[in-house]
1. Below 12 angstrom from the Cβ of Gln51, what's the summed charge of the other residues (Lys, Arg +1; Asp, Glu -1)?
2. Taking the Cβ of each residue in Thr113, Thr78 as the centre, tally the other Cβ atoms inside 10 Å and list the residues starting with the fewest.
3. Using a cut-off of 13 Å between beta-carbons, work out the net charge of the residues near Ala67 (Lys and Arg +1, Asp and Glu -1, Ala67 not included).
4. Which of Asp52, Asp87 has the fewest other C-beta atoms within 10 Å, and how do the rest follow up to the most?
5. What nm value, rounded to one decimal, do you get for the distance between Asp80 and Gln51 when each label is placed 7 Å out toward the C-beta?
6. Around Pro121, with a cut-off of 11 angstrom between Cβ atoms, what is the net charge of the other residues, counting Lys and Arg +1 and Asp and Glu -1?
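Read the figures in this text as sums done on the coordinates, not as results from a lab. Small disclaimer: the values here were computed from a predicted structure and weren't measured. Cβ: placed from backbone, ideal geometry, glycine included. Neighbour counts: every protein chain shown.
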Amino acid sequence: MPGPEAAGAIPPPPATSPAAPADNVIDLTRALARNTSRQDAPMTAPEPPPQDPLLERLAIEAEALYAVHERTLSDPATADAYRIALDLALLLLDGALAKGHIGDDGYRRLHNTLAAAQHAPDCL
């Protein structure tokens, strides 16, 4: 997926934040920061660690959502459709950056989070 010229890893989250994330929000920022070792790395999803607990939690949450619709991410066709939907979200994100609706930092954070989420079916 093409990205902006200045590719790089997301910075670590701030030491303090104005509000803690809600209990139902899965913050993949820490996992992404752990998995990205170079500031000049290309903007692609890092390979997830074999048993990343945050990615596993996302997989469980996604699987529960799909189960409500009588689907499962362990089905290869459904997992492919899930990844295609995330590809579309990444395209929308590219458009938001191109139109100036989001800045480079926000783009990198959202892009890396969505790209990492593509690995969720692999955790099941």
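1. In short, -2.
2. By the 10 Å Cβ count, ascending, the order reads Thr78, Thr113.
3. Every neighbour counted, the sum reads -3.
4. Asp87, Asp52
5. So the two model labels end up 3.1 nm from each other.
6. Here the charged neighbours net out to -3.
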